[in-house]
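**Q** Before I ask anything, here is the structure I am working with.
Read-outs: derived from the displayed coordinates by stated rules, not from any lab. Here the structure is a predicted model, which is why all the values come from computation and not from measurement. Positions of Cβ are generated from backbone atoms using ideal geometry, with glycine treated the same way; all protein chains shown enter the neighbour counts.
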Amino acid sequence: MMSRVGLMHPGAMGAAVGRLLVERGHEVLWLPEGRSPATVRRATEAGLTAVDDLNGAQVILSVCPPHAALDVARQLRDTRALVIDANAVSPTMAARIGGLLGERWIDGSIIGPPPLRAGTTRLYLSGPRAGEGARLFAGTVLEPATLDGSPVAASALKMAYAAWTKGSQALLLGALQSARAGGVEDALRAEWRRSQPELEDRARHAAEQAASKGWRWSGEMREVAATFADAGLPAGFHEAAAEMFERLSR
């Protein structure tokens with residue numbers, strides 16, 4: 001059944017998700033006021049419908065940088081639509097967002113790149129209405145998966161996953177920076193080629209990712225740090241990872 005879906009906001013991930021919903025026959029609404037030319041271009045290319053408000057939406061999908069997730073939830077506090085909050089936030093932050101939105105809220109998280117082909121990207125959903133969110137994405141290349149247990153299980157999974165994937169990239173970049181400062185970068189790279197030949201390519205990829213996405217990943221690392229602290233674990237490593245991404249981002 002066709003739905004009217006509101007999208008907050010069409011960045012690289014959000015626009016890709018919006019496009020696949022349009023391709024499934026849904027009308028995807030978005031708010032162009034105050035958005036950058038790059039965002040307008042992405043939304044137009046994805047086939048999204050520009051509107052002045054999202055009052056007509058049956059479902060609203062929030063995909064935004066972690067630091068903006070709570071403010072976006074506050075903007076949606078009075079909506080009657082079902083809200084899927086698919087942001088990279090700690091379980092504690094997800095619970096705060098759920099407290100604002102009440103029974104109209106689904107906790108979500110996206111693992112993988114912008115969904116362009118099947119098998120690369122999952123949308124994890126949790127909470128009493130997770131099944132409704134899963135039905136919206138059934139049959140798309142963004143594979144829905146519901147999680148039992150805690151209503152913020154989707155956010156907990158995302159934080160645990162990102163703790164390693166993005167955290168290990170920050171550690172690798174830090175190791176390279178320290179070698180450079182000590183005048184042994186060439187020697188380190190030579191040793192990598194002998195004993196761990198995959199690390200040079202991983203470091204190159206990590207630097208490229210940090211340059212383009214570090215401004216957003218820094219916020220995600222702080223959410224991971226908060227998750228660790230709430231679990232009684234040391235949070236300092238991921239606080240340092242956040243600073244590393246900030247330094248290396250453009």
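**Q** Given the -39500 (n - 2.57) contribution per DSSP H run of 4+ residues, what per-residue ellipticity at 222 nm results for the chain, rounded to the nearest 500 deg cm²/dmol?
**A** That comes out to -17500 deg cm²/dmol.
**Q** With a ≥ b ≥ c the root eigenvalues of the C-alpha gyration tensor of region 1-129, is it rounded (a/c under 1.5), prolate (a/b larger than b/c) or oblate?
**A** rounded
**Q** Moving on to the next point. How would you rank Lys166, Lys213, going from fewest to most other Cβ atoms within 10 Å of each one's own Cβ?
**A** Arranged by neighbour count, lowest to highest, Lys166, Lys213 become Lys213, Lys166.
**Q** Counting only DSSP beta bridges with both residues in the chain, what percent are antiparallel, rounded to the nearest 5?
**A** The antiparallel proportion sits near 20 percent.
**Q** Could you work out how far the C-alpha centroid of region 1-53 sits from that of region 159-214, in angstrom?
**A** 35
**Q** Taking 1 over the mean of 1/r across every pair of different Cα atoms in the chain, what Kirkwood radius in Å do you get?
**A** Taking every pair of different Cα atoms in the chain, averaging 1/r and inverting gives 19.0 Å.
**Q** Below 8 Å, C-alpha to C-alpha, sequence gap of six or more: please give me the relative contact order for region 156-248 in percent.
**A** 35
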